[in-house]
Structure formats: C-alpha cells, structure tokens
Amino acid sequence: MRAIAVINQKGGVGKTTTCINLAHALAQQGHRTLVLDLDPQSHVAASLGITSGQERGMDAVLLEGVALDEVVLAARERLSIVPAGLRVREVEQLVSGGVERGRRLEQALAALTMPVDFLFIDCPPSSGLLAVNALFAAQEVLVPMPGDYLALHGLSQLLRVLKSVERMQQRQTQLWVALTRAYPRRWLTREVLKKLLHYFPEQVLATSVREISALAEAPSFGQSIFEYRPSCHGAEDYAQLAVDLIERRTMQWQTIENA
C-alpha cells in the first residue's frame, strides 16, 4: 500500500479536489483506493455525494481507538472513504500521551485489514496534531501548489515539520509537488514552475492541472470530475497525474522551455 498525505498549509490550493479526483482516477484504472478525511471541514464525503448520516469517522479512530475497517464507506467501485466525523477537530486539543498522540493514525493503519493499493490522507491546512498524524502514517507526501508566489512561502514551514517527523521516524519521506489551478500560458505560472523545479528537482509531477470551473462545480453535484465532465481538461489532467504517481514520472526543464 502506498500511503500518501496530501497537504499544504495554505488553503484554496486544490487539496481536497486533488485527493478526490486522484483517488477516483486510480480506482478507474483498476487500483483499490481509500481516502481518509483529516480536515475538520469534512469535504471529502460531501464532494462525493455521500450523505449516509454516519457521524463517526476519523474522529472515532483517533479519539476512541475504533478500527478503520469499522468506519469505511464505499464511495465508488474500488474507491472507499473514511469521513472526518463530527469530533475530529478535538484531536488538536489532545494534551496527554506524548509522542504517541502523533502516531495514532500510523497504528490504526497497521491494523487495517481491507486490501488497499493507494491511500490518500486529506490533511487540514495547518501543521497541528492532525497533520502530524498524517505525516507519521504516510510514506509519501503530495503538496498541491497553485501557480502563484504566495503559495511558495508556505512551503518552508511545511518542510520544517516534515524534516522533524523524518528525524523522529529515522526514515525519509518521498515528497511530490503537483502544480494545481494552473494557467499554463501565464508568465507567473511559468516562473513558479521554474522555482519549483529549482528547489524540488525530480519531485514535481509531470502533469500540471489546469484551472477550469468544472473542477469547482463538480463537488456541488457530489461528483468527481470524471463523472461531472469526463471529457474536460480537468479530467484529462487528473487522469495523467494518476499515471505520474504510478510511474513516478516528473517534470523536466524541457517542459517549460518548449512550452
């Protein structure tokens, strides 16, 4: 199982959109996928049109020690989710338990019995205890980055948190960066890409996800982009981004120079 934390401390970068559409793309390509919602905004279930009335989810796992298998919901063929739950915000307020507070998700995943090929963890836009749980549990981190300079500034704090977790884990986490909400013909997008390729060589995934209104509209219908508008650029981009992840395919300087 490849466990991937999707995280960025800046809001509005396409984090949940990336989680949902990448997971559905991989499911359509034959991979068993699971999405865990650690964001108190709880957008994963709603974005996929799931209104089961289930109030327990990741909050029960992290606060009560409930098994992940007990709170998994089927979303689509080969795609399952665990919603955030009404109390997931309370995880940030835990004061007892020391470093083990940050390992609760890692321990829960170790006991997971359902077969999963790709696991995505939708993280909150913060570096609190929920994000730390995700970083301890994941072997890979995916950072969605829009094509603007303000998003670059938030990366430094995230990288400090990641390095701290790596030291405690005594292992290195694979970092991926995905350009989202991109306007390929804009000068600013190209400049941001150059910065990313400079600081993260061989880590920027090959496909940039173009900004289109359909990606923002799809969740209001409870659908992924592949259901809402399967022939649009957004569906094409996320399908290719899924292949990038599978094949670990990254962007090269020639991509910008030949654009």
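The values are calculated or read from the model by the stated rules, or taken from the named source; none is laboratory data. Since we're looking at a predicted model, the values are computed, not measured. In this analysis, Cβ positions are derived from the backbone assuming ideal geometry, glycine residues included, and neighbour counts consider all displayed protein chains. Ligands, DNA and RNA are stripped out before the accessible areas are found, and what is left, the full protein with its side chains, is counted by its heavy atoms. Shrake-Rupley method; radii C 1.70, N 1.55, O 1.52, S 1.80 Å.
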Would you mind computing, in nm to one decimal, how far apart the modelled labels at Glu55 and Glu70 are, each placed 7 Å from Cα along Cα→Cβ? 1.6
Sort largest first and round to whole Å: the equivalent ellipsoid semi-axes of segment 93-141, each the square root of five times a Cα gyration tensor eigenvalue. 20, 14, 8
Counting Lys and Arg as +1 and Asp and Glu as -1 over every other residue whose Cβ sits under 14 Å from the Cβ of Gly102, the net charge comes to 0
Residue-averaged 222 nm ellipticity for the chain, from DSSP H runs of 4+ at -39500 (n - 2.57), nearest 500: -11000 deg cm²/dmol
Taking amide hydrogens as modeled 1.01 Å from N in the peptide plane, which residues meet the under 5 Å criterion relative to Phe120, leaving out close sequence neighbours? Ile4, Leu34, Val35, Leu36
In whole Å, largest first, what are the principal axis extents of the Cα atoms in segment 41-137? 39, 26, 22
Over segment 71-199, the quotient of the Cα radius of gyration and 2.2 N^0.38 Å is 1.21
With unit charges on the beta carbon (Lys/Arg positive, Asp/Glu negative), name the residue among Val165, Pro115, Ser231 whose Cα is farthest towards the positive pole of the charge dipole of the chain. Val165
Residue-level accessible surface for His233, protein heavy atoms, 1.4 Å, Å²: 90
Using a 1.4 Å probe on the protein chains only, how many percent of the accessible area of the chain belongs to carbon and sulfur? 50
Got a number for the accessible area of Arg101? Probe 1.4 Å, square angstrom, nearest 10. 60
Amide H contacts of Leu175 (H built 1.01 Å from N, under 5 Å, at least 5 apart or other chain): Val141
In µm²/s, what is D for segment 30-82 at 4 °C and 1.567 mPa s, where D = kT/(6 pi eta Rh) by Stokes-Einstein and Rh is the Kirkwood radius from Cα pairs? 113
Accessible area, 1.4 Å probe, largest first: how do Arg160, Arg190, Arg185 sort? Arg185, Arg160, Arg190
With a probe of 1.4 Å, find how much accessible area the chain has per residue, and write the answer as a whole number in Å². 45
Given a Förster radius of 22 Å and the C-beta distance between Met1 and Arg249 as r, what FRET efficiency does 1/(1 + (r/R0)^6) yield to the nearest 0.05? 0.60
Pulled fully out, how much extra length does the chain show between Glu202 and Ser126, if you take 0.36 nm times their separation in residues and subtract their Cα-Cα distance? 24.8 nm
Mind listing the Cα extents of the chain along all three principal axes, in Å, largest one first? 53, 40, 28
Leu175 to Thr113: extension gain in nm, 0.36 nm per residue of separation minus the Cα-Cα distance? 19.7 nm
If you wrap a convex hull around the C-alpha atoms of segment 1-63 and split its volume per residue, what is the figure in Å³? 111
Just flag the GluC sites (Glu not before Pro) in segment 145-240 sitting in loop per DSSP whose Cβ has no more than 15 other Cβ atoms within 10 Å. Glu202
Segment 111-259: antiparallel bridges as % of DSSP beta bridges, rounded to 5, reads 10
